[in-house]
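First the structure, in the form of C-alpha cells, and then the observations on it.
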Amino acid sequence: MYCSHCGRRAADASAFCPFCGRPLRGIRPSAAVPVQRSAPAPRRRKKPAALLVLVFLLLAAGLASFLWTRLSLSEPLEELGDRVRDSISHQTSDSRPDSAELAGAAEDLIPHFHERYYINTLSDEDLGVFCAVYEAVSECRETCSLPSGTSDRQLKLCWYLLQLECPELFHVDYARPLNYSRGAGLTLELAGNYMLRERDYRAALRDCRDVLNEISAAASDAPDDRDREALVFRALAESCLYDTQADFCATAYGALVGGRAKCDGISLALKWALEDLGIPSLIVTGTSLDDGVGHAWNMVCLGGLWYNVDLTPSVRRGGDSHSGLGLVYHSFNVSDAWMEEDYALSELPDGLKSKPRCRTMEQSWYVRSGEFVFTGEDPMALISGRLRQIASEGSGSVQLQFESRREGRAFFDALDGTLQRWMEREAPDASFGSYSSTLLNDRFLMIRFEP
C-alpha cells in the first residue's frame, strides 16, 4: 500500500504511515491490465526504400538520445522517486493531515478514545506519532518506524500516555528504558519492553474483559453516573488487596485478574472500568508531602465537572477487611484542595494540556450522606439524631469525615467528654453500655456503640 499523503510504501496491515505518521488511505498497486490485441492489419504494399532509410535514421537518433539521458542521470530512478515524494511530504499547508480524518482514525484504533482526556488534547502532529506507537505496541511488534522528525519530547509524551491513559496495554514494562535508533527515519526497538508474549497477552486481555464485563453488568442499571461510579468503586475495593510486590501490581491486569495491586494498578483498573461505562477518567500522580513516596489516583468526570477519586485507601490491607471499619469512601469525589493537602502534583510532559481542576466537594460520598463536617461546623449537630436512634436500639455506629484535620483531631481527643455530656443531657437512660472510636488520617471518624 502507498500512503496518499507522502507517497511512500507502507505495510498493507498498517493503519498509519510509518514515514509521515498520517492515517493510511493508501493506494494499493493495481493489478496489471491485460493488453487487448487487435486483429491483424491487412497487408500493405511495400514502401519505397528511401522511406525505410528515413525510419532507420529516426530510430537511431531516438536510441542515442535515450542512452545519453540515461547515462547522464546523477541518481537511480528509484532514489529520484523517493526524493520527489519527500519534497511533496515536506510541503506545508496542503500536506497536513485533516484533523477530522486523523481523529477518526484514532477513534478506530484506540478504545474509549473520547473518554481519554489527555489523548484528546494532543496536537495533530503529536496524535499522529502517538497513534503509530500505539498501533505497534498493541500488536506486540518488535519495532516501530516513525518519521525522521519525531522528537525526544514526542517519544516521552507517547510513553507517558501509553502507561497512564491506556490501561489495556498492561503487557509493557514502562520502567525499562525506551531504545531507538535514527537513520532515514526513527525506529523504536520494542522487543525488550514486553513483559508478556503476544499469545499470553491476548489471553490475559480476555481475562480482564471477563472481569470488566461483570462489573459493567452490575453497574449499568444504576440511575446515573455517580451511582455507577460508586458501584465500580465498591466492586474493586472489595475484590483487590493492596500489594506492592505482586506480579503485575502496577497494572490494571494485576488489580482486575490477580486481585493484588498498588496505587497505579488500582487507579488504572478503576479508569478502565469507568470508561467501559462511558465515564471519562484520567490518572493523576504526585508525591506524598509526608514521606516523598509516589502515589497515583483518578479524576472522574460527572455531569461535565471533574472530581478526584482515590480508591487505594479503601482497598484492603493484608487479611484485614478495611481495619474492621467496613468500606471507607475516604477520598471519593473530593476537591483538588483535599488531595493537595497530602500530595505535591507531578509535572506533566511537555505537550499536554493541564489537568482539569476541581474546586467542589458536592459529589463527595460523605457530603451526599450528610456525614461531612465542613470547617467551623459543629459535629454534634450532624450526629445527634443518629445518636438518639442508637440510644434507643442499644447499638450502632456513627461515621464522620472532617474537612479540617485540626478540627477532626480536636473532636476525637475530646470525644469522651463530649459524648458523656450529650448522654447525660439527651439520653440518660441509653441502653448501650460502651463504645469504641477510630480516627483515620485525622479526618475519618468511626464510633461504634455496643449493648
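The values are calculated or read from the model by the stated rules, or taken from the named source; none is laboratory data. On a predicted model such as this, the values are computed, not experimentally measured, just so you know. Every residue, glycine as well, gets a Cβ built from its backbone with ideal geometry; the counts of neighbours run over all protein chains shown.
So that you can scan it fast, the table gives a plain yes or no per residue for (1) in a helix (DSSP H, G or I); (2) under 22 Å from Tyr134 (Cα atoms):
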residue: Leu205; (1), (2): yes, yes
residue: Cys208; (1), (2): yes, yes
residue: Val211; (1), (2): yes, no
residue: Ile215; (1), (2): yes, no
residue: Pro223; (1), (2): no, no
residue: Leu236; (1), (2): yes, no
residue: Leu268; (1), (2): yes, yes
Residues in the stretch 355-394 that are surrounded by fewer than 19 Cβ atoms within 10 Å (Cβ to Cβ) and under 20 Å from Pro280 (Cβ atoms): how many?
6
Scan the stretch 406-451 for residues that are of a type in the set (D, E, K, R) and at pLDDT 95 or above and jot them down.
Arg406, Glu407, Arg409, Asp413
State yes or no: is Asp291 of a type in the set (Asp, Glu), assigned by TED's automatic domain parsing to the domain that holds Leu352 and assigned to a loop (DSSP other than H, G, I, E, B)?
yes
When Cys131 is run through (1) of a type outside the set (Val, Ile, Thr); (2) surrounded by fewer than 21 Cβ atoms within 10 Å (Cβ to Cβ); (3) in contact with a strand residue (DSSP E or B) (Cβ under 7 Å, 6 or more places away or on another chain), the failure sits at (2)
Any hit, the stretch 239-251, residues being free of Cβ contacts under 8 Å to residues at least 40 places away in the same chain, in contact with a Lys or Arg (Cβ under 7 Å, 6 or more places away or on another chain) and polar (S, T, N, Q)
yes
For the stretch 201-212, how many residues meet the condition of being of a type outside the set (A, V, I, L, M, F, W, C) and either at positive phi or touching a helix residue (DSSP H, G or I) at 6+ places or on another chain (Cβ under 8 Å) (or both)?
1
Output yes when any residue across the stretch 397-412 is touching a Leu at 6+ places or on another chain (Cβ under 6 Å), surrounded by 13 or more Cβ atoms within 10 Å (Cβ to Cβ) and outside any helix (DSSP H, G or I), and no when none is.
yes
Of the residues in the stretch 135-185, how many are in a strand (DSSP E or B), crowded, with 17+ Cβ neighbours inside 10 Å and of a type in the set (Val, Ile, Thr)?
1
